[in-house]
Amino acid sequence: MRDAPIGNGTTPDVLRLLNEVDPYGLAPGLPDGAPDEEYGPEAAEIAQHLTTDGAITAEQIDAIWLHWFDQPLTAVVGPAPTERFVDRLNGLVMPTASSNRSS
């Protein structure tokens, strides 16, 4: 099932980040928007990459988006938002310097 955790980067976590990006302005999960899992298949594929590879690149995201939507995510939202999205995705599976510091 899509909602099951996949490694350290779970499909629900990826879906949450993807819904925040909302490339097509569908407002997933909002009363007048698309269903919360509108981007579910894409989120599952991204989560699988995170689990398998331990990280994901903008190029891999673009390839996934190209598969599903016939255009790369970078073309939809721009390079800077795509890179921010990739950084946040990788943060799901890679510890940050601040999370490794003891208080």
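For this structure, a couple of remarks:
- The set of residues from region 49-96 being free of Cβ contacts under 8 Å to residues at least 24 places away in the same chain and of a type in the set (A, V, I, L, M) comprises 63, 64, 66, 75, 80.
- Residues that are in a helix (DSSP H, G or I) and among the polar types (S, T, N, Q) within region 55-94 comprise 60, 74, 82, 90, listed in sequence order.
- In region 32-91, the residues that are among the small types (Gly, Ala, Ser) and over 21 Å from residue 12 (Cβ atoms): 58, 63, 75, 78, 80
- Checked against the criterion of being surrounded by fewer than 19 Cβ atoms within 10 Å (Cβ to Cβ), on the phi > 0 side of the Ramachandran plot and aliphatic (A, V, I, L, M), the candidates 75, 58, 27 yield just one match: 27.
- In the set 59, 42, 38, only one residue is under 12 Å from the mean Cα position of the chain (by Cα) and not basic (Lys, Arg); that residue is 42.
None of the figures in this text is laboratory data; all of them are computed from the coordinates on show. From a predicted model like this one, the values you see are computed outputs, not experimental measurements. For neighbour counting, all protein chains shown are included, and Cβ atoms are generated from backbone atoms with ideal geometry for every residue, glycine included.
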